[in-house]
Amino acid sequence: MSLEDLAAHLRRASRVTVLTGAGISAASGVPTFRGAEGLWRHYRPEDLATAAAFHRDPLLVWEWYASRRAVVGRCEPNPGHQVLARWSRERRCTVVTQNVDDLHHRAGTAGVIRLHGSLWELRCAGVAVPGDRRSRHGVCPEEWRDETVPFAEMPPRCPHCRGLARPAVVWFGETLRERDMRDAATAARCDLFMAIGTSAIVHPAAGLLHEAQRQGAVTAEINPVATPASRSVTIAIQGAAEDVLPRLDLLLAN
Ligand code: BV8
């Protein structure tokens with residue numbers, strides 16, 4: 001199955017859903033998770049992106065998030081983001097992302113469903129800062145956006161109770177926000193489901209492709225390498241998102 005076949009399905013489809021992972025931001029300079037560049041100070045992401053790691057050493061976890069914010073803050077959306085942004089505005093597709101870099105937003109993508117939160121949003125961790133009697137836990141704001149790099153203070157504090165703040169992301173072992181899961185399940189009821197730049201390993205996000213397939217959708221994958229999903233999709237395009245999406249867009253224009 002070729003890129004032309006995928007373009008044909010795109011032309012015919014009325015409901016298209018795209019699930020993106022770290023691979024779509026690779027060309028922007030955002031390190032992916034798996035593979036050597038995913039490691040930080042010899043920690044695997046799964047070691048740091050957990051509530052247990054945060055309670056064990058909140059400063060270490062915040063230093064990791066601060067280093068990712070510093071990197072992502074210097075990155076710009078790439079042609080892959082830009083094509084999906086225009087398609088979303090033309091109501092040609094719904095974008096569901098696992099990424100916390102907000103590059104889809106910065107590309108102007110309409111109606112992005114963020115499954116795992118954002119590096120640029122914080123919330124109260126509901127715990128006092130160790131040894132700081134001033135900090136107490138009250139009725140704190142749900143979440144707030146903070147794009148300052150570097151932070152004024154480390155670890156960042158809840159502006160309301162001066163307790164610890166935490167990144168407003170979904171950590172391993174934490175459930176996704178019900179609203180996001182519901183919106184993603186609705187989006188999986190589509191004619192064409194495309195998985196772009198994801199290793200299709202992390203659940204429940206990886207399950208969405210099988211959910212869409214189960215409901216009769218044609219499925220496609222864009223990834224330079226094979227993933228656990230490659231054998232089950234209708235069309236597997238081995239290539240980089242920042243190259244394949246503009247070519248696909250051109251085919252659609254003809
Ligand atoms: C949960 C936010 C209820 C934080 C993230 C079922 C089976 C097995 C395990 C589980 C299961 N259900 C639950 C689990 C446990 C766990 C899980 O899935 N573990 C994995 C490791 C096996 N899931 C959870 O804990 C979820 N919560 O289920 O709660 C529950 C609780 C307890 C027990 C049971 C149930 C929460 C998951 C969310 C975790 N948070 N991020 C942060 O970012 O700091 S996940 C994080 O990692 C990312 O958001 C993303 O989702 C994932 C990384 O995956 P990818 O984005 O795909 O990136 P990766 O680097 O892996 O791959 C990049 C791909 O791009 C590669 O294939 C590469 O070839 C390709 N590529 C590279 N360059 C390009 C490219 N493609 C295109 N173009 C290019 N240029």
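The values are calculated or read from the model by the stated rules, or taken from the named source; none is laboratory data. All values reported here derive from a predicted model rather than from experimental measurement. We place every Cβ from the backbone using ideal geometry, glycine too, and count neighbours over all the protein chains shown. Side chains included, ligands, DNA and RNA excluded: accessible areas come from the protein's heavy atoms. Shrake-Rupley method; radii C 1.70, N 1.55, O 1.52, S 1.80 Å.
The residues in region 79-135 that are at positive phi and either within 15 Å of the ligand (Cβ to nearest atom) or at pLDDT 95 or above (or both) can be counted, and the count is 4.
If the condition is being surrounded by 16 or more Cβ atoms within 10 Å (Cβ to Cβ) and within 21 Å of Pro31 (Cβ to Cβ), then region 196-220 contributes Ile196, Gly197, Thr198, Ser199, Ala200, Val202, Ala205, Ala206. Of all residues in region 69-78, none satisfies the criterion of being within 12 Å of the ligand (Cβ to nearest atom) and surrounded by fewer than 19 Cβ atoms within 10 Å (Cβ to Cβ). Consider only pairs whose beta carbons are under 8 Å apart and that are at least six residues apart or on different chains; among these, list those whose first residue lies in region 216-244 and is in contact (Cβ under 8 Å) with a residue 12 or more places away in the chain and whose second residue is surrounded by fewer than 22 Cβ atoms within 10 Å (Cβ to Cβ) and acidic (Asp, Glu). The qualifying pairs are Ala217/Asp191; Val218/Asp191; Ile235/Asp5.
Screening Ala49 against (1) under 30 Å from Leu250 (Cα atoms); (2) within 15 Å of the ligand (Cβ to nearest atom); (3) of a type outside the set (Lys, Arg) leaves a single unmet condition, (1).
Mind telling me which of the residues Phe172, Phe151, Phe193 ends up being open to solvent by 50 Å² or more (accessible area, probe 1.4 Å) and either under 25 Å from Gly29 (Cα atoms) or of a type outside the set (D, E, K, R) (or both)? I'd like the intermediate steps shown before the answer.
On the way: Phe151 fails: open to solvent by 50 Å² or more (accessible area, probe 1.4 Å); Phe193 fails: open to solvent by 50 Å² or more (accessible area, probe 1.4 Å).
From the options Phe172, Phe151, Phe193, the qualifying one is Phe172.
Do we find that Val96 is β-branched (Val, Ile, Thr) and out of contact with any strand residue (DSSP E or B) (no Cβ under 6 Å at 6 or more places or on another chain) in this structure? No: the conditions fail for Val96.
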